[in-house]
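The structure under discussion appears below in the form of structure tokens.
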Amino acid sequence: MTSILILNGPNLNLLGQRQPDVYGATTLADIEALCRDKAKALGIAMDFRQDNSEGALIDAIHAARGTHDGIILNAGAYTHTSIALMDALLSVELPAIELHLSNIHAREPFRHESFIARAAIGVICGFGAKGYELALEAMTAQLES
């Protein structure tokens, strides 16, 4: 069975409380439930994780090799700073999708730069929690082709 790792970075544990004008009122638990329902409908397995530590995110990416078929990564602010996360994605040689709740290109200029995009097959941003469903659909289609 196809298995996808959905990995969430720093501060995403505060969704629903943190800047609702930017990120909405949906919690990370709500998003996880949405993803579990979508994965079931797609007939795939899914592992959903969040960590605030860059090292823990790298460890999860490394552990995905041989366990998962693809990675969906919302790296949060690490998107714009972490060469190490980019290198980890390139090292495991799994297809990856970069994901953001907000449209990073409509925000502050420093958010327009992404190290993660260099290791991703695609980027989904600006669709809020719906972006997770879109990413699962896109990754499933990619793995089937």
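Label-to-label distance, Met1 versus Ala77, with points set 7 angstrom from Cα along the beta-carbon direction: 3.7 nm.
Under 16 Å from a label point 7 Å along Cα→Cβ of Asn11: give me every residue in the range 122-141 with its amide N that close. Those under the cut-off are 126. For Gln50, the residues whose amide H sits under 5 Å from its own are Asn8, ignoring neighbours fewer than 5 places away on the same chain, with H placed 1.01 Å from N. Between Asp87 and Ala29, full extension at 0.36 nm per residue minus the direct alpha carbon distance yields a gain of 18.0 nm. Ellipticity at 222 nm from helices only: DSSP H runs of n ≥ 4 in the chain, each -39500 (n - 2.57), divided by the residue count, give -11500 deg cm²/dmol. With the highest mean first, a sort of the peptides 89-95, 70-76 on other beta-carbon atoms found within 10 angstrom per residue produces 70-76, 89-95.
Count Lys and Arg as plus one, Asp and Glu as minus one, and take only other residues whose Cβ is under 13 Å from that of Ala39; the net charge is then -3. For Ala45, the residues whose modelled amide H falls within less than 5 Å of its own, excluding neighbours fewer than 5 places apart on the same chain, are Thr2, Ser3, Ile4.
Between His100, His68, His112, the GNM of the chain built on Cα springs shorter than 10 angstrom shows His112 fluctuating the most. Sorted on the mean count of surrounding Cβ atoms within 10 Å across their residues, most packed first, peptides 48-55, 132-139 read 132-139, 48-55. Rg and Dmax over the alpha-carbon atoms of the chain stand at 13.9, 41 Å.
No lab work stands behind these numbers, since they all come straight from the coordinates. As the structure is a prediction and not an experimental result, all values here were calculated from the model. Neighbour counts run over all protein chains shown; Cβ positions are idealised from the backbone, glycine included.
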